[in-house]
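J.: Here it is, the structure in full.
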Amino acid sequence: MGKRRILSGIQPTGALHLGNYLGAIRNWVRLQEEYDSFLFMADLHAITVPHDPTRLAEDTQNVAATYIACGIDPDKATIFVQSHLSAHSELAWLFNCITPLNWLERMIQFKEKAVKQGENVSIGLFAYPVLQAADILLYEPDLVPVGEDQKQHIELTRDIATRLNFQYGSEDAPVLKVPEPLIQAAGARVMSLTDGTKKMSKSDPSELSRIDLLDSPELIQKKIKRCKTDPVRGLAFGDPDRPECNNLLTLYMLLSGQTQEAVATTCADMGWGQFKPLLTETMVEALRPIRDTFGELTADRTYLESVLKQGRDKAAAIANPTLAKVKAALGYSPLP
Ligand code: TYM
């Protein structure tokens, strides 16, 4: 039996933040040892909101460099760009035609993002989860490792696969494999530094709300210094009335590699004045190697390009046969 497979991706819209790292990439680094891993940059998703065409290609490569800097090994995992494979767009169209409109109207992320876009909401933003389903199902993965906010999109993916299998396959010969989400409890929902009840997000207008993986030590220090806390003395996990405290302790736990019990004991009697420098130092040291390696990888882009070419070819070898299988099930027939 071959290795089990995972697939996941990130949108290349600006720098990646601690939520992307702790909710997704860090888990992929561990999973790549055991799973056949397909990790990509969702640059077709990146244009579902207004984007800067002069930045798109470089931002996309920078996310690949960030994956590698975080520990993804191109010899173990396949790293590729979504738009380099036309199979993603093509399968998305086929899925558009079998997906009921009201399944998409329920999507929380669409509702949230649509409010921000006002009148300019594109069909692409609405159909975004269908493209995501195509991204996933093309590779027939066993698991899709993501943060908590993507759970609904993975459920929709499962629904689309199940519907297609029901309509165009048979019980003993399903057309598509139905994957499972993999959401690790720790880090699945990293919260904003300025409001512990909101998730850390690239689209938050305040830069102080997030730590980007490439932030300088000075900037990290400034952001932690200014981050929201509470007036209670003594720090503890799990108090619903102290979301900021829970978030900052969780960040410290994950970045220092300690257990929850160890952190709870160390911080039980601390005040914020003592904890913040400790968190700052831990964060700076955890992110330093990522920032350094990113700098080396982007100084000469030939290596990155070779990784992405190899990734595209390996991805195509899996994606194209799946697309052909779906087209055949729908009744399309290639010319002899
Ligand atoms: P994106 O680019 O918003 O986020 C990428 C990954 O980071 C996770 N994440 C978080 N985890 C914890 N706390 C946070 N505050 C936080 N913010 C983001 C996300 O859950 C995700 O795992 N639609 C996807 C990209 C995509 C995709 C796919 C993912 C396109 N096709 C196929 C998986 C499979 C997105 O916009 O993620």
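J.: Mind giving me the nanometre distance, one decimal, between the label points for residue 97 and residue 178, set 7 Å out from Cα along Cα→Cβ?
T.: Spacing of the two 7 Å Cα→Cβ label points: 2.4 nm.
J.: Given points 7 Å out from each Cα along the Cα-Cβ axis, report the residue 159 to residue 76 separation in nanometres with one decimal.
T.: 3.6 nm
J.: What trypsin sites (Lys or Arg not before Pro) does the range 60-113 have in DSSP loop regions with at most 15 other beta carbons within 10 Å?
T.: Here the trypsin sites (Lys or Arg not before Pro) that fit, given the DSSP loop and packing criteria, are 76, 106.
J.: Could you rank the peptides 145-156, 88-99 by their average count of other C-beta atoms within 10 Å per residue, with the highest value first?
T.: 145-156, 88-99
J.: OK, next. What is the sum of charges, Lys and Arg at +1 and Asp and Glu at -1, for the other residues whose Cβ falls under 11 Å from the Cβ of residue 126? Please report the intermediate quantities before stating the final value.
T.: Numbers: positive: 111, 113; negative: 105.
The answer is +1.
J.: Roughly how many Å is it from the Cα centre of the range 146-168 to that of the range 22-74, as a whole number?
T.: Between the Cα centres of the range 146-168 and the range 22-74 lies a distance of 21 Å.
J.: Using Cα pairs closer than 8 Å and at least 6 residues apart in sequence, work out the relative contact order for the chain, in percent.
T.: Relative contact order for the chain comes out at 22 percent.
J.: In which sequence would 190, 232, 175 go, from the one with the fewest C-beta neighbours within 10 Å to the one with the most? Could the numbers behind the result be given before it?
T.: Values: 190 24, 232 13, 175 19.
By the 10 Å Cβ count, ascending: 232, 175, 190.
J.: Quick one: plug the Kirkwood hydrodynamic radius of the range 71-219 (C-alpha pairs) into Stokes-Einstein at 10 °C, 1.306 mPa s, and report D in µm²/s.
T.: Details: Rh = 17.6 Å.
Result for D is 90 µm²/s.
J.: At R0 = 41 Å, how high is the FRET efficiency between residue 288 and residue 324 if r is their beta carbon distance? Nearest 0.05 is fine.
T.: Details: r = 46 Å, r/R0 = 1.12.
For residue 288 and residue 324, the calculated efficiency is 0.35.
J.: On a straight-distance basis, which aspartates and glutamates could pair with residue 225 in a cross-link, Cα separation under 15 angstrom, same-chain partners fewer than 8 positions away excluded?
T.: The qualifying aspartates and glutamates are 195, 207, 215, 244, 281.
J.: If I model a spin label as a point 7 Å beyond the Cα along the Cα-Cβ vector, how far apart are those points for residue 265 and residue 54 in nm?
T.: According to this spin-label approximation, the distance is 5.6 nm.
J.: Hey, another quick one. Over 31 Å between Cα atoms: which of 76/116; 3/327; 116/228 fall into that group?
T.: 76/116
J.: Let me know the charge dipole size of the chain about its Cα centre in debye, to the nearest 20, where only the beta-carbon of Lys, Arg (+1) and Asp, Glu (-1) is charged. Don't skip to the answer; put the middle values down first.
T.: Values: 36 positive and 42 negative charges, 59 e Å.
Dipole about the Cα centre, nearest 20: 280 debye.
J.: Which aspartates and glutamates, on any chain, are close to residue 309 with Cα under 20 Å apart, when same-chain ones fewer than 8 places away are left out?
T.: 36, 43, 58, 59, 73, 75, 135, 296, 300
J.: Placing one identical point scatterer on every Cα of the range 138-224 and ignoring solvent, what is log10 I(q)/I(0) from the Debye formula at q = 0.13, 0.16, 0.21 Å⁻¹?
T.: Per q value, in the given order, log10 I(q)/I(0) is -0.60, -0.75, -0.98.
J.: Can you tell me the relative contact order of the range 165-272? Whole percent, Cα pairs under 8 Å, sequence separation 6 or more.
T.: Once divided by the residue count of the range 165-272, the mean separation gives 22 percent.
J.: Magnitude of the Cβ-charge dipole of the range 137-179, K/R +1 and D/E -1, about the Cα centre, nearest 20 debye?
T.: It comes to approximately 100 debye.
J.: Pairs of Cα atoms under 8 Å, at least six residues apart: use those to get the relative contact order of the range 17-76, whole percent.
T.: This gives 51 percent for the range 17-76.
J.: Straight-line reach from residue 111: which lysines have a Cα under 18 Å away, not including same-chain ones fewer than 8 places off?
T.: 151, 198, 199, 202
Bear in mind that the values in this text are calculations on the coordinates, not laboratory data. Small disclaimer: the values here were computed from a predicted structure and weren't measured. Positions of Cβ are backbone-derived with ideal geometry, glycine not excepted, and every protein chain shown enters the neighbour counts.
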